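**Student:** Handing you a structure now.
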Amino acid sequence: MQRNSTRPRLLVTGDGKNVVGHAGSRLLCDLADELGLTEALSVAMAPTKQRRRGHDRGRVLVDLAVMLADGGEAISDLAVLRDQPALFGEVASLATAWRALEAVDEDALARIASARAEARRVAWAAGADPGFYVIDFDGTLLNSHSEKELAAPTYKRGFGFHPLLAYLDVTGEALAGKLRPGNAGSNTAADHVEVLDAALFQLPVDPKKRQVIARTDSAALTHGFIDACRERAVRFAVGHDLTEPVRTACLSVPKRRWQAAITADGADERDEAQVAEITDLVDLSRWPDGTRMIVRREQPHPGAQLTFTDIDGHRFQVFVTDLDDEDIAYLEALHRGRGRCEKRICDTKDTGLANLPSANFKINAAWMELVLVTQDLLAWTKLLCLDGDLARAEPKRLRYCLLHAAGIITRSGRRFRLRIADGWPWTDQLVAAFTRVHALTT
């Protein structure tokens, strides 16, 4: 049978000169340098190194973070950067990268956190400050397919770890995280308070001067966490279980109290959804002064499986807050926005969290810190360097459009030039992004 192909016939050879792949990933290296992150991490890791010679461990951490953003899943994937010295410079060997991770102890983690906070301050001063500060807290499960230190059975009958993470909603920055055994409790107040403090340490704003909101599901509805928020001048919006007294209160709300719920952007009303405040119908005396309870009811979407908590054909969602805004539809939409945190977690797993590299818990904790650095770099790239749909893109699309772009490195005099492939649909956006990065500190 004769095949009629519309593709041009190619003669494939291996003699291309100065051609580089993953050229867009160099953007993340330059961004880390311009924001001072590379230098700050070098200072943070300096006490872990006995000899001056050899690779700078702070630079090693940045290269590992860039590798994760580029789609790498294991430390060995650092070879993608190491095999292109004309593009990425001298990149550490696999053994050197392992030694850098092994050197990250509790003291080093604290110094790395300080380095991240300083780079965030520079990034926000350059234009990444969102002006509205909502911190989302949520846990997730990581499956382990081999024996790893502190891996344990999870509540979903899996085996692995149960990290707790905190993100800044508007920017998508990963502020803090705590790697925990798989059997760690979902509502462990001490862990939530620890992650809260770590997240607040990352913010360049003072909660006493600028409103900061802690937003989470009912797992954080503990007196320890709520009291910690109040002590730190942080407002809260926390999910509440639909207990029997709360269900009774929901059913006893007078019709005149129900008002239309609004969409997440506040532009339109939500179909078949209403909100009401039930603070006076429940006992909130155990919670701090000013605590309110707000409920949303809505018709389940077609095909949804009803549960025993769905009453009179309505699905109810309840949360408590100490925000004093009189517009309860706005407050309910604000709390409903925590659903974006699940997408942040998906992106985090797509940039290294899903594959912890070691049997050693300390190394895995250092790896998770690198994942947070990676999330920050991607968030700052979108905030400071990109426009349009790419400024809202997930990691997979950024790789496809920008990070994995090809180019040619040329030399003229003493200057090297990276020429991005002509005809690639996103060449202009990538060139503009490099230009913006290099202008950050000029």
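Here's the yes/no breakdown for (1) modelled with pLDDT of 95 or more; (2) in contact with a Cys (Cβ under 9 Å, 6 or more places away or on another chain); (3) of a type in the set (K, R); (4) closer than 17 Å to I112 by Cβ:
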site: A304; (1), (2), (3), (4): no, no, no, no
site: F316; (1), (2), (3), (4): no, yes, no, no
site: R340; (1), (2), (3), (4): no, no, yes, no
site: D347; (1), (2), (3), (4): yes, no, no, no
site: L353; (1), (2), (3), (4): yes, no, no, yes
site: I363; (1), (2), (3), (4): yes, no, no, yes
site: C385; (1), (2), (3), (4): yes, no, no, no
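**Student:** Then there is this: Which ones in segment 343-371 are hydroxyl-bearing (S, T, Y) and open to solvent by 10 Å² or more (accessible area, probe 1.4 Å)? Full working, then the answer.
**Tutor:** From segment 343-371, those hydroxyl-bearing (S, T, Y) are 348, 351, 358; that's our starting set.
Hit for segment 343-371 is S358, nothing else.
**Student:** Something else now. Do you know which residues across segment 207-217 are touching a residue at least 24 places away in the same chain (Cβ under 8 Å) and surrounded by fewer than 17 Cβ atoms within 10 Å (Cβ to Cβ)?
**Tutor:** K208, R210, Q211 - these are the residues of segment 207-217 that are touching a residue at least 24 places away in the same chain (Cβ under 8 Å) and surrounded by fewer than 17 Cβ atoms within 10 Å (Cβ to Cβ).
**Student:** Restricting attention to segment 133-148, which residues are part of a loop (DSSP other than H, G, I, E, B) and either among the aromatic types (F, W, Y) or in contact (Cβ under 8 Å) with a residue 60 or more places away in the chain (or both)?
**Tutor:** Within segment 133-148, T140, S144, S146, E147, K148 meet the criteria.
**Student:** Given the criterion under 15 Å from E342 (Cβ atoms) and open to solvent by 10 Å² or more (accessible area, probe 1.4 Å), identify the matching residue among T171, T140. Break it down into steps so the answer makes sense when it comes.
**Tutor:** Numbers: T171 fails: under 15 Å from E342 (Cβ atoms).
So the residue among T171, T140 that is under 15 Å from E342 (Cβ atoms) and open to solvent by 10 Å² or more (accessible area, probe 1.4 Å) is T140.
**Student:** Then there's this: Identify, from the list L175, L196, L165, the residue that is at pLDDT 95 or above, in a strand (DSSP E or B) and touching a Cys at 6+ places or on another chain (Cβ under 9 Å). Give the derivation first.
**Tutor:** Numbers: L175 fails: touching a Cys at 6+ places or on another chain (Cβ under 9 Å); L196 fails: in a strand (DSSP E or B).
The conditions single out L165.
**Student:** If a residue counts only when it is hydroxyl-bearing (S, T, Y) and touching a helix residue (DSSP H, G or I) at 6+ places or on another chain (Cβ under 8 Å), which helices (runs of 4 or more DSSP H) contained entirely in segment 1-118 have at least 1 such residues?
**Tutor:** Correct list: 37-45, 94-102.
**Student:** Let me ask you something else. Any idea which of G72, G24 is touching a Leu at 6+ places or on another chain (Cβ under 6 Å), within 26 Å of D347 (Cα to Cα) and of a type outside the set (D, E, K, R)?
**Tutor:** Every option except G24 fails the conditions.
**Student:** Answer yes or no as to whether A261 is in contact with a Pro (Cβ under 6 Å, 6 or more places away or on another chain) and not β-branched (V, I, T).
**Tutor:** When the stated conditions are applied, A261 does not pass them.
**Student:** Hey, among the residues in segment 423-442 that are modelled with pLDDT of 95 or more and either on the phi > 0 side of the Ramachandran plot or among the hydrophobic types (A, V, I, L, M, F, W, C) (or both), which one's most open to solvent (accessible area, probe 1.4 Å)?
**Tutor:** Restricting to residues being modelled with pLDDT of 95 or more and either on the phi > 0 side of the Ramachandran plot or among the hydrophobic types (A, V, I, L, M, F, W, C) (or both), the top hit is V431.
**Student:** Also: When you scan segment 43-66, do you find a residue that is touching a residue at least 24 places away in the same chain (Cβ under 8 Å), within 22 Å of A433 (Cβ to Cβ) and of a type in the set (G, A, S), even just one?
**Tutor:** Yes: one or more hits.
**Student:** Right, here's the next one. With respect to R270, is the statement that it is at pLDDT below 95, surrounded by 15 or more Cβ atoms within 10 Å (Cβ to Cβ), of a type outside the set (S, T, N, Q) and closer than 18 Å to A329 by Cα true?
**Tutor:** Judged against the criteria, R270 is a match.
**Student:** Considering only residues that are open to solvent by 20 Å² or more (accessible area, probe 1.4 Å) and within 21 Å of A123 (Cα to Cα), which ones fall in segment 20-37? Even if it seems obvious, please write down each step before you answer.
**Tutor:** In the first step, residues of segment 20-37 are kept if they are open to solvent by 20 Å² or more (accessible area, probe 1.4 Å); the result is 21-22, 26, 33-34, 36.
Hits for segment 20-37 are R26, D33, E34, G36.
**Student:** Restricting attention to segment 425-442, which residues are in contact (Cβ under 8 Å) with a residue 12 or more places away in the chain, in a loop (DSSP other than H, G, I, E, B) and closer than 23 Å to L35 by Cα?
**Tutor:** Correct list: L440, T441.
Residues checked against (1) open to solvent by 10 Å² or more (accessible area, probe 1.4 Å); (2) under 30 Å from W124 (Cβ atoms); (3) among the aliphatic types (A, V, I, L, M):
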position	(1), (2), (3)
F316	yes, no, no
D327	yes, yes, no
C341	no, yes, no
V373	no, yes, yes
H404	yes, yes, no
A421	yes, no, yes
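**Student:** In addition: Return a yes/no flag: does segment 182-190 have any residue that is surrounded by 19 or more Cβ atoms within 10 Å (Cβ to Cβ) and either in contact with a Cys (Cβ under 6 Å, 6 or more places away or on another chain) or in a strand (DSSP E or B) (or both).
**Tutor:** no
**Student:** Let me ask another. Confirm whether E106 is under 17 Å from F201 (Cα atoms) and without any contact (Cβ under 8 Å) to a residue 24 or more places away in the chain.
**Tutor:** Judged against the criteria, E106 is a match.
**Student:** Quick one: what pairs do we get from segment 379-397, first residue free of Cβ contacts under 8 Å to residues at least 60 places away in the same chain, second open to solvent by less than 70 Å² (accessible area, probe 1.4 Å) and of a type in the set (S, T, N, Q), C-beta under 8 Å, 6+ apart or different chains?
**Tutor:** none
**Student:** Which condition does D271 not pass, out of (1) touching a residue at least 60 places away in the same chain (Cβ under 8 Å); (2) part of a strand (DSSP E or B), if it passes all the others?
**Tutor:** (1)
**Student:** With closer than 24 Å to P207 by Cα and not aromatic (F, W, Y) as the only criterion, which of R111, R82, R99 stands out?
**Tutor:** Sole residue among the options that is closer than 24 Å to P207 by Cα and not aromatic (F, W, Y): R111.
**Student:** What's the total number of residues in segment 200-218 that are of a type in the set (A, V, I, L, M, F, W, C) and more than 16 Å from Y167 (Cα to Cα)?
**Tutor:** Summing the residues that are of a type in the set (A, V, I, L, M, F, W, C) and more than 16 Å from Y167 (Cα to Cα) in segment 200-218 gives 0.
**Student:** Could you tell me whether A44 is among the aliphatic types (A, V, I, L, M), more than 21 Å from the chain's Cα centre (by Cα) and at pLDDT 95 or above?
**Tutor:** yes
The values are calculated or read from the model by the stated rules, or taken from the named source; none is laboratory data. Since the model is a prediction, treat every value here as computed from it, not as a measurement. No Cβ is skipped: glycine too gets one built from the backbone with ideal geometry, and neighbour counts run over all protein chains shown. Heads up: the accessible areas ignore ligands, DNA and RNA and are worked out on the full protein's heavy atoms, side chains in. Shrake-Rupley method; radii C 1.70, N 1.55, O 1.52, S 1.80 Å.
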